[in-house]
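First the structure, in the form of C-alpha cells, and then the observations on it.
The values are calculated or read from the model by the stated rules, or taken from the named source; none is laboratory data. Nothing here was measured: the structure is a model prediction, and the numbers come from that model. Backbone-built Cβ (ideal geometry, glycine too); neighbour counts: all protein chains shown. These area figures cover heavy atoms from the full protein model, side chains too; ligands, DNA and RNA do not enter into them. Shrake-Rupley method; radii C 1.70, N 1.55, O 1.52, S 1.80 Å.
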Amino acid sequence: MLNQTMNEKSLISIAQVTDTHLLASENQRLEGILTTESFLAVMKRLEELKPELDLLLMTGDLSGDATPESYENLQHYLNSLQIATYWLPGNHDSAIAMDTILNLGMVSRRKSFQRGNWHFILLNSCVPECVHGYLSANTLDWLDSELQTSANNPTLIALHHAPVSVNSTWLDDSCLQNSPEFFAIVNRYPQVKLVLFGHIHQEFQHQSHNVHYLGTPSTCYQFQPGSPNYVVSDELPGFRLLKLYSDGTWETKIERVAYPLPIESVATVLY
C-alpha cells in the first residue's frame, strides 16, 4: 500500500489509540500495570510525532472503570497534546459520561467527519452491561445512509469490537455478534477501504472484499494471539499509525513503547 511518488500534501496521518483502561485513581493497576503510566508512555511518543499527525482516533475502553474521574484525567492529558481527537465507546466505557466530559478543546464527539479526501465513520458497537458487541438497527441504517452520501470518498470505519474472527476462542465469543449485517452494508460500498477496531489488545490484520480489517494493541496489557483461553502476553504497549492517501491507498505500522511489564496473573477476565 505504499506510494512513494505521491505529494505529501495529499495524505492524512492518523494515530489509533485504543483500550487505555484509565482508572479514577492513577495509582490503580490492571494486570499489574499502572494503566495511566503506560498511556503516558504512548502520549510521550505521540508528542514526538505531533508535527506529522493530523488526528488521533481513540477506539474504546478508554476507561477501565467508567468513572467521570477517568475521563476527566483523559481530557486533561489530551488538552496538553493538542491534536484533533475523535473517540468512540467500548464495553468498559460509559457513553453518557464520555459525551459529557470528552468534548473540550480539540476533543470532538463527532462520529462522521471528513479529513482531506477521506470520510471517517465511528460506530458504537456496545451493548449496556455486556462484553460482546452488537450494532443496532438504527446504527446500521445510519451507516448505510452515511456511505450512500460519500460514494466518491475513500472511507475508514471504526468501532470497538472486532467484526471478524481473530482466531482466539474466548475473544471471538465477545466480538461483534451481528457481523453479517455489518458486512452486508460494507460490502456494497467499494469506497470502504479500512475498518479499525480495538478490544482484542493485539495486532491483527484481515482482508475481505477489498476491505482491510485492522486490530490494534492496547496502551496497557496485551492478549496472547491465537490463544483459546485468556492469556496475557509479554508484548509491549502500543498504538497504530496510518497514512491515508487521497486516492484511497494507505500504509500502516504498529509502534510499541518501552514500558516495564510487571504482569500479574489474575483470575478475573478484564477484557
**Request:** Determine which member of the set Tyr221, Tyr230 is assigned to a loop (DSSP other than H, G, I, E, B), buried (at least 20 other Cβ atoms within 10 Å of the Cβ) and more than 12 Å from the chain's Cα centre (by Cα).
**Result:** Tyr221
**Prompt:** Going by the conditions given, is Glu26 out of contact with any Gly (no Cβ under 8 Å at 6 or more places or on another chain), of a type outside the set (Ser, Thr, Tyr) and part of a loop (DSSP other than H, G, I, E, B)?
**Reply:** yes
**Prompt:** Is it the case that Leu62 is closer than 30 Å to Trp170 by Cα, in contact (Cβ under 8 Å) with a residue 24 or more places away in the chain and not charged (D, E, K, R)?
**Reply:** yes
**Prompt:** Does Ala41 count as surrounded by fewer than 22 Cβ atoms within 10 Å (Cβ to Cβ), aliphatic (A, V, I, L, M) and free of Cβ contacts under 8 Å to residues at least 60 places away in the same chain?
**Reply:** no
**Request:** Taking the options Asn3, Asn7, Asn27, name whichever one is modelled with pLDDT under 90, touching a helix residue (DSSP H, G or I) at 6+ places or on another chain (Cβ under 9 Å) and open to solvent by 10 Å² or more (accessible area, probe 1.4 Å).
**Result:** Asn27
**Options His160, His132; residue that is within 25 Å of Gly248 (Cβ to Cβ) and not acidic (Asp, Glu)** = His160
**Prompt:** Could we say that Lys50 is open to solvent by 40 Å² or more (accessible area, probe 1.4 Å), modelled with pLDDT under 95 and more than 15 Å from Pro237 (Cβ to Cβ) here?
**Reply:** no
